[in-house]
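The structure appears below as structure tokens.
The values are calculated or read from the model by the stated rules, or taken from the named source; none is laboratory data. Nothing here was measured: the structure is a model prediction, and the numbers come from that model. Here the Cβ positions follow ideal geometry from the backbone for every residue, glycine too, while neighbour counts run over all protein chains shown. Each accessible area value is taken on the protein alone, full model and side chains, heavy atoms only, with ligands, DNA and RNA left out. Shrake-Rupley method; radii C 1.70, N 1.55, O 1.52, S 1.80 Å.
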Amino acid sequence: MASLIRDLTAAAGAAFSAVGLEERWGDVRRSDKPDLADFQCNGAMGAAKAAGRNPREIAGEIAEVLKAYPLVLSADVAGPGFINIRVSDAALSARAADILADKDMAGGELASDPHVTVIDFGGPNVAKPMHVGHLRSAVIGDTLQRLLKFLGDTVTSDTHLGDWGLQMGHLVTELHDDQPDLIYFDESYTGPYPAESPVTIEDLGRLYPAASNKAKDDPARNQRSQNAVAELQAGRAGYRALLKHFIDVSVAALKVDYAFLNVSFDLWKGESDVDHLIAGLIERFREAGLAEESQGALIVHVARESDKKEMPPVMLLNSRGGTGYHTTDLATIEDRMMHMHPTPERMLYVVDQRQALHFEQVFRAAELVGLIDEGHLEHIGFGTVNGPDGKPFKTREGGVLRLADLNAMALEEADRKLGAANLPDDMGLDERANVARAVAVAALRFADLQNTRTTNYVFDLDRFTSFEGKTGPYLMYAAVRIKSLLRRAEADGNAPGKIIVGHDAERTLVLALDGFGAALLGAREKRMPHILCEHVFGLSQAFSGFYGALPIANESDPALRASRLALATAVLKQLEAGLGILGIDVPERM
């Protein structure tokens, strides 16, 4: 669907071309001074410099051409050569009608360059409860997958479980000490093994910390775990069967925490799923002449002459012959390129910015050996969730806050805020519980997503759950209020009709609606969900101004009443679409 910005850019580009200048100077954007103009074009300055001409003179020529277009109400030159453009009421009315009629995109537009994309996010570890640090990867990654799918990309999401490290050895050995008679520890027995797990998620939560704490103070105990990992990776049947149980039990628990946040994955694959590829991958590096021995380890140099900082080599095998994250991440790339259909064109890794070096090493190694073309792997880094002291968020006791506890805290606070609100008298307990959960999720997700993802932010649950200000609950309530308005109008026999834009508040509202496509594509291009957050908040603010300035359902003129109800319907459609991409559900009432 065309937008006003696109139409104006095309018109301005044609105008520059008509006077013998490059079409690219016709780029149009929203005005920095909305009280003076709706849009502006700044290309005359650049065109003048390239052509050796006066910028105001060029701007005047372009403005005269633009005035001939029906959608342009006025085009005036300001300053050294800015072109200020106001669009006509008729153009705004037509644009609003198009948005209202757009059932699929609510005024957005599909990407012109759809890609087959894998988004790797979440990254939880088997047997370890997720903590507050997992929140950002979950909501940013999930929002990106929703966004890209909405815009026409083919997307597969993968949580990439941590299930192949030392923690597996800790679990196996501690379980052996706890229940030594289990059949899994009989080396002479090779199966079949019981379908029912010998451990629960509570058992894993007890076994892992116990083993980890013992290993810190006892090198021999730690060595037992390392030996168990080696046997597991070598294919010992009983250990492999236990691993499957550990994974299944952990995934069931992880899905509960993720489901609360409206986060989902297409794949739940882990490091262990690519173990069978590692020997061949290492041979591939050897044959390419990229792998070399260094102090008993097998490494790949990935440094470049242009590097301004030291770039350590990738370690394929450590001195004990074991593999680490470098190798399993490389094998995962190979697995995806070999077995996913259609073949991925992009892989996005939504992981803490502090892992930037690791991913730069892995990406370079993958490109060197030919697993994927250069530039098709992206690290989508993000900052930390901090406490009031500016340091990563902790519990009052100084420990790491579990994600499940964070979810529970948000739910409790959301319910408390609802208790102080003016809820419908007939709202039952189940409906209130559902609304409280929706408010909690809106609070957590929007509080995270509204920030530029590369920055840190301070966790403030009281502010995040507020129904005032720039918060998820405020946006949710804005949409619910429109639903209520439209229900009342329908009950009174009033329906949306032809849109007639004339008042400044209506113009402002339609201009806000028109920005949806640009916000979506900008968020996709930059991998920055906050761009969409800004649009949704701006739209809600524009509707608030419209709602406060003009009667809607109570308008006495039938044509204006029908028009304003249609505008409200278009806003609701776009708000729900935008909030849906952000992972925020809008209840019918609250």
Query raised in the report: So which residues in the stretch 425-445 are farther than 26 Å from Ala138 by Cα and open to solvent by less than 40 Å² (accessible area, probe 1.4 Å), if there are any at all?
Result: Met427, Gly428
Report summary line: Within the stretch 328-347, the residues that are in a helix (DSSP H, G or I), touching an Asp or Glu at 6+ places or on another chain (Cβ under 9 Å) and surrounded by 21 or more Cβ atoms within 10 Å (Cβ to Cβ) are Thr328, Asp329, Ala331, Thr332, Arg336
Query - Criterion violated by Phe516 - all others in (1) touching a helix residue (DSSP H, G or I) at 6+ places or on another chain (Cβ under 7 Å); (2) open to solvent by 10 Å² or more (accessible area, probe 1.4 Å); (3) touching a residue at least 24 places away in the same chain (Cβ under 8 Å) satisfied - result: (2)
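Here is a yes/no grid of residues against (1) over 30 Å from His134 (Cβ atoms); (2) hydrophobic (A, V, I, L, M, F, W, C):
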residue	(1), (2)
Asp163	no, no
Pro180	yes, no
Ser197	no, no
Asp203	no, no
Ala210	no, yes
Gln226	no, no
Glu231	no, no
Query raised in the report: For the stretch 231-248, what are the residues that are touching a residue at least 12 places away in the same chain (Cβ under 8 Å), farther than 18 Å from Asp177 by Cβ and out of contact with any helix residue (DSSP H, G or I) (no Cβ under 8 Å at 6 or more places or on another chain)?
Result: Ala237, Asp248
**Report entry** Subset of the stretch 390-405 that is of a type in the set (Lys, Arg) and surrounded by fewer than 16 Cβ atoms within 10 Å (Cβ to Cβ) - its residue that is nearest to Tyr258 (Cα to Cα)
**Finding:** Lys394
Query raised in the report: Does the stretch 117-135 include one or more residues that are open to solvent by 50 Å² or more (accessible area, probe 1.4 Å) and closer than 30 Å to Ala11 by Cα?
Result: no
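Just to check your reading of the model, which residue among Leu511, Leu521, Leu486 is within 28 Å of the chain's Cα centre (by Cα), at pLDDT 95 or above, open to solvent by 20 Å² or more (accessible area, probe 1.4 Å) and over 13 Å from Leu575 (Cα atoms)?
Exactly one of Leu511, Leu521, Leu486 is within 28 Å of the chain's Cα centre (by Cα), at pLDDT 95 or above, open to solvent by 20 Å² or more (accessible area, probe 1.4 Å) and over 13 Å from Leu575 (Cα atoms), namely Leu521.
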Report task. Have a look at Leu175, Leu161 and point out the one that is touching a residue at least 12 places away in the same chain (Cβ under 8 Å) and in contact with a strand residue (DSSP E or B) (Cβ under 7 Å, 6 or more places away or on another chain). Result -> Leu161
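One line per residue, one yes/no per condition, for (1) of a type in the set (Ser, Thr, Tyr); (2) under 23 Å from Ala356 (Cβ atoms); (3) surrounded by 13 or more Cβ atoms within 10 Å (Cβ to Cβ):
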site: Glu293; (1), (2), (3): no, no, no
site: His301; (1), (2), (3): no, yes, yes
site: Ser306; (1), (2), (3): yes, yes, no
site: Pro313; (1), (2), (3): no, yes, yes
Query raised in the report: Among the numbered criteria (1) within 25 Å of the chain's Cα centre (by Cα); (2) in contact (Cβ under 8 Å) with a residue 40 or more places away in the chain; (3) open to solvent by 20 Å² or more (accessible area, probe 1.4 Å), which single criterion is violated by Val350?
Result: (3)
Query raised in the report: Would you say Tyr239 is hydroxyl-bearing (Ser, Thr, Tyr), out of contact with any Pro (no Cβ under 9 Å at 6 or more places or on another chain) and modelled with pLDDT of 95 or more?
Result: yes
Query raised in the report: Of the residues Asp178, Asp186, Asp163, which is touching a helix residue (DSSP H, G or I) at 6+ places or on another chain (Cβ under 8 Å), of a type in the set (D, E, K, R), at negative phi and at pLDDT below 95?
Result: Asp163
Report summary line: Of the candidates Phe265, Phe260, Phe285, the one satisfying the condition of being in contact with a Leu (Cβ under 9 Å, 6 or more places away or on another chain), touching a residue at least 40 places away in the same chain (Cβ under 8 Å) and farther than 25 Å from Leu317 by Cα is Phe260
Report task. Residues being crowded, with 23+ Cβ neighbours inside 10 Å and farther than 20 Å from Asn227 by Cβ: count how many of those fall in the stretch 162-208. Result -> 1
Report summary line: Scanning the stretch 406-416 residue by residue, those surrounded by 14 or more Cβ atoms within 10 Å (Cβ to Cβ) and either of a type in the set (A, V, I, L, M, F, W, C) or modelled with pLDDT under 95 (or both) turn out to be Leu406, Met409, Ala410, Leu411, Ala414
Query raised in the report: Any chance the stretch 81-99 includes a residue that's in contact with a strand residue (DSSP E or B) (Cβ under 6 Å, 6 or more places away or on another chain), open to solvent by less than 20 Å² (accessible area, probe 1.4 Å) and not aliphatic (A, V, I, L, M)?
Result: yes
Report summary line: Per the filter on the stretch 285-313, residues under 15 Å from Val362 (Cβ atoms) and part of a helix (DSSP H, G or I) are Phe285
Query raised in the report: What do you reckon, is Asp142 open to solvent by less than 40 Å² (accessible area, probe 1.4 Å), touching a strand residue (DSSP E or B) at 6+ places or on another chain (Cβ under 6 Å) and either without any contact (Cβ under 8 Å) to a residue 24 or more places away in the chain or of a type in the set (D, E, K, R) (or both)?
Result: no
Query - All positions within the stretch 561-590 that are farther than 19 Å from Ala542 by Cα and either open to solvent by less than 10 Å² (accessible area, probe 1.4 Å) or touching a strand residue (DSSP E or B) at 6+ places or on another chain (Cβ under 8 Å) (or both) - result: Ile581, Leu582, Gly583, Ile584
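Out of the residues in the stretch 13-52 that are assigned to a strand (DSSP E or B) and not aliphatic (A, V, I, L, M), which is surrounded by the most Cβ atoms within 10 Å (Cβ to Cβ)?
Cys41
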